[in-house]
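In what follows, a single structure is set out as structure tokens and then discussed.
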Amino acid sequence: MARGQGIEQELLHLLRHGGLQKDNLAALVKIIAGFHEKGLNHIKVFPKGIPPVYEGLGIKSIIEAGRLNNLLTVILNEAQVNSVVVFPYGVPVFDAAEVVVGLGPTPVGPGPAGVREAAE
């Protein structure tokens, strides 16, 4: 089983009844497969939205501290990413972090002032 192709087929199979449009789901699953190929392993994927209308997908994963910078660069360069939350684990120096990524259309409205500028 090819690594990227296997995860795509598995996610499409699992999320086919999740309420997302087929073309949107296929595009988002391709993005997740790309993240997986770049090293984002042990992921949990779930639909985002209010049932029965789902507008995107959420991804949750635990990443080692040494790989966090490279993976965040890959994640933040994707246009469909609309949110990223990083929670570090370890005191006083973190050795792993939980990363939660939101994929899909950008939420309506500009959000808090300066958030978009700070992210860029």
Here the residues within the stretch 1-44 that are modelled with pLDDT under 80, in contact with a helix residue (DSSP H, G or I) (Cβ under 6 Å, 6 or more places away or on another chain) and acidic (Asp, Glu) are 8
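Filter the stretch 38-58 down to the residues that are within 13 Å of the chain's Cα centre (by Cα) and open to solvent by 90 Å² or more (accessible area, probe 1.4 Å), then identify the one that is farthest from residue 98 (Cα to Cα). So that I can check it myself, show each step before the final result.
Filtering the stretch 38-58 down to residues within 13 Å of the chain's Cα centre (by Cα) leaves 38-48, 56-58.
Next, from what is left, pick out any that are open to solvent by 90 Å² or more (accessible area, probe 1.4 Å): 38, 42, 44.
Values: 38: 17, 42: 11, 44: 11 Å.
Ranking the candidates gives 38 first.
The values are calculated or read from the model by the stated rules, or taken from the named source; none is laboratory data. Being a predicted model, the structure only gives us computed values, none of them experimental. Cβ: placed from backbone, ideal geometry, glycine included. Neighbour counts: every protein chain shown. Just so you know, the surface numbers come from the protein's heavy atoms only, side chains and all, with ligands and any DNA or RNA stripped out. Shrake-Rupley method; radii C 1.70, N 1.55, O 1.52, S 1.80 Å.
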